[in-house]
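Structure record follows, encoded as structure tokens.
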Amino acid sequence: MKSKFALYSLAIGAFALGMNGCGSKKEETTDTSAPAATAPAGKSVDSATAGEITGSVTLDGAPPKMKPINMAAEVTCAKQHTSPVLSEEVVTGDKGALANVVVYVKSGLDGFSFPAPTDAVTIDQKGCQYHPHVLALQPGQDLKVVNSDPTAHNIHPVPKDNREWNESQPPNTPPIDKNFARSEIAIPVKCNVHPWMKAYIAVAPNPYFQVTEKDGKFDLKNLPPGTYTLVAWHELYGPSEQTVTIGPKESKAVAFTFKASAPAAD
């Protein structure tokens with residue numbers, strides 16, 4: 001009996017040792033795993049030497065006549081407007097000043113690091129239109145989609161370089177929070193419920209961007225000295241580029257002009 005008991009105890013001990021050995025191997029694999037690599041931080045801008053690029057965007061020639069939008073199919077949309085609603089494809093101010101143009105620095109900032117801002121950019125659906133018609137933000141920056149209408153919308157960005165998404169948003173519901181991983185100028189936005197609703201989201205590669213208003217002006221501040229490719233992009237007239245060099249503390253003015261008779265090819 002003692003012999004059998006001794007053999008049984010030996011077997012139990014060996015089994016326990018084997019179990020401890022498996023556990024130790026698993027723990028070792030976990031503990032010695034390599035940490036995820038992190039990208040080195042880039043340079044930051046020295047505000048003591050930074051300059052700026054200012055300028056304006058104009059349209060040369062008579063702007064095309066914008067067609068009225070027919071909202072008769074959606075009564076809740078139509079009754080929010082007391083006058084005809086025009087397409088926002090081309091919006092001009094005095095002396096041909098062109099609105100809704102995204103002006104941004106395309107290149108020339110190699111080595112600099114620009115974390116995504118923590119504040120969100122908002123696009124609102126009100127009167128069955130997108131407000132603003134053109135907006136800009138950085139990769140990773142939050143986009144807040146709001147529905148201020150008493151009817152449901154279906155916001156649907158159609159990017160080429162980012163993930164496409166399509167979400168319904170009934171009235172009186174919380175905002176939809178999204179972001180875009182990569183720069184892209186610019187992402188068309190539509191509403192699958194109301195086909196006349198259109199907007200554009202420009203995802204700029206750095207914080208040096210601005211969307212012009214009806215005065216056509218822009219001002220890109222706190223730029224480090226350097227040579228840059230500056231782009232002005234319009235939904236109908238496409239992109240226009242200029243090379244701009246600024247020195248320390250220098251302010252340089254730039255003018256972009258689009259021909260009214262020459263819309264960009266699709």
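The values are calculated or read from the model by the stated rules, or taken from the named source; none is laboratory data. All figures in this text were calculated on a predicted structure; none of them were measured in a lab. Reconstructed Cβ throughout: ideal geometry from the backbone, glycine too, with neighbour counts over all protein chains shown. These area figures cover heavy atoms from the full protein model, side chains too; ligands, DNA and RNA do not enter into them. Shrake-Rupley method; radii C 1.70, N 1.55, O 1.52, S 1.80 Å.
Structural remarks
- With the simple model of a label 7 Å out from the Cα in the direction of the Cβ, Thr118 to Thr151 spans 4.0 nm.
- Percent accessible area from carbon and sulfur atoms, the range 74-165, protein chains only, probe 1.4 Å: 49
- Here r is the Cβ-Cβ distance between Val45 and Asp142 and R0 is 35 Å; the resulting FRET efficiency, rounded to 0.05, is 0.95.
- Taking 0.36 nm per residue of separation and subtracting the current Cα-Cα distance, fully stretching the chain between Asn192 and Ser83 would add 36.8 nm.
- Other residues with beta-carbon under 13 Å from the beta-carbon of Pro150 carry, at +1 per Lys or Arg and -1 per Asp or Glu, a net charge of 0.
- Within the range 66-123: Cβ-based charge dipole about Cα centre, in debye rounded to nearest 20 (Lys, Arg +1; Asp, Glu -1): 160
- Among Val254, His133, Gln169 the positive-end extreme of the charge dipole of the range 65-259 (Cβ point charges): Val254
- Three-way shape label, the range 65-259, alpha-carbon gyration tensor, a/c 1.5: oblate
- Across Ile187, Ile69, the residue with the most accessible area heads the list, and the full order at a 1.4 Å probe is Ile69, Ile187.
- 13 Å beta-carbon shell around Lys214, net charge (K/R +1, D/E -1): -2
- The Cα atoms of the range 59-124 give a gyration tensor whose axes a ≥ b ≥ c have a/c of 1.5 or more with a/b no greater than b/c, which makes the shape oblate.
- Counting only Cβ charges, +1 for Lys and Arg and -1 for Asp and Glu, the dipole size of the range 142-266 around its Cα centre is about 200 debye.
- Efficiency of FRET between Val75 and Lys221 - r from beta-carbon atoms, R0 35 angstrom, step 0.05: 0.15
- Measuring r between the beta carbons of Lys126 and Ile176 and using R0 = 22 Å, the FRET efficiency lands at 0.90.
- Rolling a 1.4 angstrom probe over the protein heavy atoms with all chains in place gives the range 65-259 an accessible area of 49 Å² per residue.
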